[in-house]
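Here the structure comes first, spelled out in structure tokens, and everything after it is commentary.
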Amino acid sequence: MSEHLKTELIDGILTLTISRPEKKNALTGAMYNAMSEGLERAETDSAVKVVLFQGDGDSFTAGNDLADFSAQSVANDTGDSPAFRFIGNLGRATKPLIAAVQGNAVGVGTTMLLHCDLVYLADNARLITPFVNLALVPEAASSWLLPARIGHVRAYAMFALGEPMDAATALACGLANAVVPVADVRSRAMAAAVALTKRPAGSLIHTKALMRDHQKIAAQITQESSLFKERLQTGEAREAFAAFAERRAPDFSKI
Ligand code: COA
């Protein structure tokens, strides 16, 4: 449960709405856990046919809460965080996942889309994966999935330079099914969700399983997670988080 994550099950569609608009829907541990609960419920509850992600306000999500990252960078805690629980659940998901994305989709906001089966972007959507700017490494198997989808050099520019990708480019690259006006993005995603609820559930599950290399995804997540936790504890990462909090550019030159 999280006050910033609304969960609603109607006619087989479990809608998870990220709702912390004043912080651009940045994700706290409680929000990750609530999303995990949704995904875990989808696996065990036959009433859930489809999971639909969306975000309130002008951003899909600004990704992990950077104040939480900052706290983790000094906590010396190497245990599994709610973020990694959520990423693990994404990697294991067997039912259809759909996303409706407007505005910024930062970090996991973009990498989670690589685990969604249908993605609808508003025309103002921007996909941003600034892992290197934060002195981190890509997560959610994106270090494998993103270059596999869009090619090495485009993926590298997104990871290493933090170059945003606009909606039209994302569509052309095969990262989305359609780009629609902001006002229509939720209804378009919902219409697709409704259509999936009318398809045979068993066939959907097998089809998704055939299309994804679950073992490879799990192995990549494990490898990334261990590097990610290591990177979180570095002086470079602490500098990046301090710079965001102080609204200044980071200076990695003396580290
Ligand atoms: N964690 C915590 N707070 C965040 C946040 C994040 N990831 N992203 C935005 N916020 C907060 C800001 O601190 C600000 O809070 P304040 O009003 O209390 O000062 C508020 O949300 C609005 O953000 P702001 O930066 O003013 O909005 P913007 O429209 O100018 O920019 C973003 C939006 C998403 C481009 C920008 O906020 C950003 O780059 N955020 C960091 C994204 C990031 O690096 N995420 C981690 C990925 S691994």
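Since every read-out is calculated from the coordinates, none of them should be taken as a lab result. Keep in mind that this is a model prediction, so the values were computed, not measured. Here Cβ is always computed from backbone atoms with ideal geometry, including for glycine, and neighbour counts include all displayed protein chains.
Of note:
- Within region 144-164, the set of residues being surrounded by fewer than 23 Cβ atoms within 10 Å (Cβ to Cβ) and closer than 22 Å to D65 by Cβ comprises F159, G162, P164.
- Taken over region 166-182, the criterion of being out of contact with any Lys or Arg (no Cβ under 7 Å at 6 or more places or on another chain) and within 16 Å of the ligand (Cβ to nearest atom) is satisfied by A167, V182.
- One residue stands out among those in region 1-29 that are hydrophobic (A, V, I, L, M, F, W, C) and exposed (fewer than 15 other Cβ atoms within 10 Å of the Cβ): the one that is farthest from N89 (Cα to Cα), which is I10.
- Any pair with Cβ under 7 angstrom, 6 or more apart, that starts in region 129-146 at a residue that is under 15 Å from Q233 (Cβ atoms) and ends at one that is part of a loop (DSSP other than H, G, I, E, B): A135/T234; V137/F131
- Each residue in region 240-255 was checked for being acidic (D, E) and within 14 Å of the ligand (Cβ to nearest atom), and 1 of them qualify.
Each row is one residue, and each column tells you yes or no for (1) within 13 Å of the ligand (Cβ to nearest atom); (2) closer than 21 Å to D117 by Cβ.
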site	(1), (2)
P21	yes, no
M35	no, yes
A47	no, yes
F53	no, yes
D56	no, no
L66	yes, no
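- If the condition is being within 12 Å of the ligand (Cβ to nearest atom) and surrounded by fewer than 16 Cβ atoms within 10 Å (Cβ to Cβ), then region 68-96 contributes only A71.
- Residue identified as surrounded by fewer than 18 Cβ atoms within 10 Å (Cβ to Cβ) and under 17 Å from M112 (Cβ atoms) among A201, A218: A218
- Taking the criterion of being without any contact (Cβ under 8 Å) to a residue 12 or more places away in the chain and in a helix (DSSP H, G or I), the residues of region 224-255 that qualify are S226, E230, A243.
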